[in-house]
1. Could you list, in sequence order, the residues of the range 44-78 that are touching a Leu at 6+ places or on another chain (Cβ under 7 Å) and within 19 Å of GLY26 (Cβ to Cβ)?
2. Based on what the data block shows, is GLY26 in contact with a Leu (Cβ under 7 Å, 6 or more places away or on another chain), surrounded by 12 or more Cβ atoms within 10 Å (Cβ to Cβ), in contact (Cβ under 8 Å) with a residue 24 or more places away in the chain and among the small types (Gly, Ala, Ser)?
3. Considering each residue of the range 39-67, count those that are open to solvent by 20 Å² or more (accessible area, probe 1.4 Å), under 24 Å from LEU124 (Cα atoms) and in contact (Cβ under 8 Å) with a residue 12 or more places away in the chain, and give that number.
4. Yes or no: SER118 of a type in the set (Gly, Ala, Ser) and over 18 Å from ARG133 (Cβ atoms)?
5. Under 7 Å by Cβ, and 6 or more places apart or on different chains, what pairs join a residue from the range 86-100 that is closer than 16 Å to PHE115 by Cα with one that is surrounded by 13 or more Cβ atoms within 10 Å (Cβ to Cβ) and hydroxyl-bearing (Ser, Thr, Tyr)?
6. Restricting attention to the range 106-115, does a residue exist that is at pLDDT 80 or above, exposed (fewer than 15 other Cβ atoms within 10 Å of the Cβ) and not acidic (Asp, Glu)?
7. What is the one condition in (1) modelled with pLDDT of 85 or more; (2) surrounded by 19 or more Cβ atoms within 10 Å (Cβ to Cβ); (3) of a type outside the set (D, E, K, R); (4) under 15 Å from the mean Cα position of the chain (by Cα) that LEU72 does not satisfy?
8. List every residue pair whose Cβ atoms sit under 6 Å apart, with the two residues 6 or more apart in sequence or on different chains, where the first one lies in the range 69-81 and is within 8 Å of VAL38 (Cα to Cα) and the second, anywhere, is open to solvent by less than 20 Å² (accessible area, probe 1.4 Å) and of a type in the set (Gly, Ala, Ser).
Amino acid sequence: MVPTAAAEHGFTGLTGFAADVLTALGDVGVGVLVFLEVLVPPIPSEVILPFAGYLSQSGSLNLGWLIFWSTLASWLGALLLYWLGAAIGMDRAVRMLAATKLVSRSDLERGSEWFVRSGGWTVLVGRMVPGVRSLISIP
């Protein structure tokens, strides 16, 4: 049996999964994981990016490519969510997201109203808040 990166570094769970993807896919793996992080809020970049940085400092990955792939993946994921939000509309998006039970309908409606009032500043601030950064692209 071939040891996985997670076992090699002593990681389990989501961190172990991220370690395995990064070691299997290399620099592109950070892009794959960041893209998934944008689309699936429970995957935190706070797990992915520090480990990728560690691997770059240990010589396993290239820092320049990590920055390129993570930035591209984040931008593409945000664009996909933006296009999805534009295609389905705010009311339908709120109904669909409320059905996931990850966030309450009242929180979504409050967030939507805040977005209408604040516009661009909402995007700037929302992209810096874990969990919110994925959903802010939809409105």
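1. Listed by number, the residues that qualify are VAL47, ILE48, PHE51, ALA52, LEU55, SER56, LEU61, SER70.
2. In short, yes.
3. Total meeting the criteria: 9.
4. no
5. Once the first residue is closer than 16 Å to PHE115 by Cα and sits in the range 86-100, its partners that are surrounded by 13 or more Cβ atoms within 10 Å (Cβ to Cβ) and hydroxyl-bearing (Ser, Thr, Tyr) give MET90/SER112; VAL94/SER112.
6. yes
7. (2) is the only condition that LEU72 fails.
8. Qualifying pairs under 6 Å: ALA78/SER137.
The values are calculated or read from the model by the stated rules, or taken from the named source; none is laboratory data. Quick caveat: nothing in here was measured; it's all calculated off a predicted structure. Heads up, the Cβs are rebuilt from the backbone with ideal geometry, glycines too, and the neighbour counts pull from every protein chain shown. For accessibility, only protein heavy atoms count, side chains too; no ligands or nucleic acids. Shrake-Rupley method; radii C 1.70, N 1.55, O 1.52, S 1.80 Å.
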